[in-house]
Amino acid sequence: MTIDHDAVLRARVLLLGSGRPSRAELVGAYRVLAEVSPKAYMPKLVDVLLALRHESRDPKVDLALAAEASRAARRIEVGAPNRAERLYRALDACQASLFALGHRAEGRAICEELAGAGRSEPLAGVLAEEGYFREAAELDEEAARNGILEHSFWSMVRWAANLEGAGLHDAASAVFRELLEETRRKAAEQRTALAVLTWELVHFSRMREAVGDEASAAAARREALSVLEELAATGEPEDWSCVLGWWRTLFVLSGRAAEPAASPESPMPPFGTELRCSRDVRDGFPGMLPGLEAEAARVRGGGWLFGVVEVQRGVGIRAAVRVGDRPYLFKGRFMAYFGEGVTLARRLPGYHARLARVLTDRSVFLVAAGSFESAYGDFAEAVALLRDR
């Protein structure tokens, strides 16, 4: 390798000077010095490339900087301090930039490299987006077995959702039961909100109802009703700042069966996650909202109430994806979606199960909005309808 000694001197002078170099100037200096002193300067090059990427507003520039940071991170000596962390950050930035530009194959390849380095979550998310739920669930199981997967709400719901998407309903329920047991303990010790326990119980009842296990579904509904009764009577024993993310995750997941099947050609959000999905999917799914709202207006004008109820639910789910974790004007923003669904379902004679579903939707939403008495009333009616059908 031929060393440009003048360039090395200029780089050192820049770093030793009294002025404060810009990040772009630092990138230039570290590029030169990393070739002659890689142990000292390659890590610094990675850091400043990623920092400069945050200043960019051009997706193509973002990708170029992230790709260079990834190449530099791979060249850091194995065993060097923080090498793994720098490599994770660089590769994660690279895959995000690739997906933002629609380069799914290349982005997935980077996610596979991340998985090989011990970070399987991005790859599991991409697999779920493309409908490869069994493979995604296998990554979750491997992470759990290796102690990497935390037994948190977010990781366990994602794992259960991937198992359910793969048709492994009993395995999905086993994972979700484990989460429920932990949430019951936390709620009893006032370490989590009763609202979270309510949402989990309602979701579990839906999981079991979907496979015909009415006994388990009914038991979960009864327990949820009991928790709701307590909330209606006394409220939350502790003040929880904001738990809307828990509601949004489970409500959006409850609508997956009605959505088009995910595939590599037509990826969908990784339901059951915090919706940290690939940029192309994150933009595309809520982007269907105007079309669905127009469809709802069309079927409403035609008097097809059944169709309006179904389309309106899809509208509500996309609205939840977009702004469902924002507390400002939360109740006012969403009440119309759930209120109209209940009003229309009441006009459908004989459709008790459908009315029970939209009442349940409104009930869990009202829990998120802090209207516990109204939530209890809706859910009590839903339970009675399902019991008497």
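Here is how the numbers come out for the structure above:
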quantity	calculated
Residues located in the range 346-373, provided they are assigned to a helix (DSSP H, G or I), of a type outside the set (Lys, Arg) and farther than 18 Å from Arg221 by Cβ	Ala368, Glu373
Ser37 surrounded by fewer than 16 Cβ atoms within 10 Å (Cβ to Cβ), more than 22 Å from Ala84 (Cβ to Cβ) and polar (S, T, N, Q)	no
Some residue of the range 195-216 being assigned by TED's automatic domain parsing to the domain that holds Tyr376, over 23 Å from Cys242 (Cβ atoms), touching an Asp or Glu at 6+ places or on another chain (Cβ under 6 Å) and assigned to a helix (DSSP H, G or I)	no
Qualifying position, being of a type in the set (Phe, Trp, Tyr), at pLDDT 85 or above and either within 18 Å of the chain's Cα centre (by Cα) or surrounded by 15 or more Cβ atoms within 10 Å (Cβ to Cβ) (or both), among Tyr337, Tyr351	Tyr337
Matching residues, the range 254-276, being surrounded by fewer than 19 Cβ atoms within 10 Å (Cβ to Cβ) and touching a Ser or Thr at 6+ places or on another chain (Cβ under 9 Å)	Pro260, Glu274
Subset tally (residues that are over 27 Å from Lys44 (Cβ atoms) and small (Gly, Ala, Ser)) for the range 83-108	2
Hits in the range 262-284 - residues which are assigned to a loop (DSSP other than H, G, I, E, B) and either in contact with a strand residue (DSSP E or B) (Cβ under 7 Å, 6 or more places away or on another chain) or modelled with pLDDT of 75 or more (or both)	Ala262, Ser263, Pro264, Glu265, Ser266, Pro267, Met268, Pro269, Pro270, Phe271, Gly272, Thr273
Any hit, the range 97-119, residues being modelled with pLDDT under 95, under 30 Å from Pro59 (Cα atoms), in contact with a Ser or Thr (Cβ under 6 Å, 6 or more places away or on another chain) and in the same structural domain as Arg83 (by TED's automatic domain parsing)	yes
The range 35-57 residues that are charged (D, E, K, R), paired with ones that are buried (at least 17 other Cβ atoms within 10 Å of the Cβ) (beta carbon under 6 Å, 6 or more apart)	Lys44/Tyr30; Arg53/Asp62; Arg53/Leu65; Arg53/Ala66
Among residues of the range 337-377, those that are more than 24 Å from Ser241 (Cα to Cα) and not β-branched (Val, Ile, Thr), counted	20
Test set (1) crowded, with 22+ Cβ neighbours inside 10 Å; (2) under 20 Å from the mean Cα position of the chain (by Cα); (3) not assigned by TED's automatic domain parsing to the domain that holds Trp240 - Ala90 fails condition number	(2)
Output for the range 98-109, where each listed residue is buried (at least 19 other Cβ atoms within 10 Å of the Cβ) and in contact (Cβ under 8 Å) with a residue 40 or more places away in the chain	Phe99, Arg104, Gly107
Residue that is under 21 Å from the mean Cα position of the chain (by Cα) and free of Cβ contacts under 8 Å to residues at least 24 places away in the same chain, where the choices are Ser152, Ser173	Ser152
Test: residue in the range 302-310 that is buried (at least 21 other Cβ atoms within 10 Å of the Cβ) and assigned to a helix (DSSP H, G or I)	yes
Members of the range 102-124 that are on the phi > 0 side of the Ramachandran plot and assigned to a helix (DSSP H, G or I)	none
Output for the range 311-330, where each listed residue is part of a helix (DSSP H, G or I), out of contact with any Gly (no Cβ under 6 Å at 6 or more places or on another chain) and among the aliphatic types (A, V, I, L, M)	Val311, Val315, Ala319, Ala320, Val321, Val323
Sole residue being among the acidic types (Asp, Glu) and buried (at least 16 other Cβ atoms within 10 Å of the Cβ), chosen from Glu142, Glu129, Glu85, Glu77	Glu129
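To keep it simple, each residue is scored yes or no on (1) assigned by TED's automatic domain parsing to the domain that holds Phe204; (2) among the aromatic types (Phe, Trp, Tyr); (3) within 28 Å of Gly102 (Cα to Cα); (4) at pLDDT below 90.
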| site | (1), (2), (3), (4) |
| --- | --- |
| Arg248 | yes, no, yes, no |
| Pro260 | yes, no, yes, yes |
| Gly291 | yes, no, yes, yes |
| Ala319 | yes, no, yes, yes |
| Gly324 | yes, no, yes, yes |
| Phe330 | yes, yes, no, no |
| Val342 | yes, no, no, no |
| Leu355 | yes, no, no, no |
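The values are calculated or read from the model by the stated rules, or taken from the named source; none is laboratory data. All figures in this text were calculated on a predicted structure; none of them were measured in a lab. Cβ: placed from backbone, ideal geometry, glycine included. Neighbour counts: every protein chain shown.
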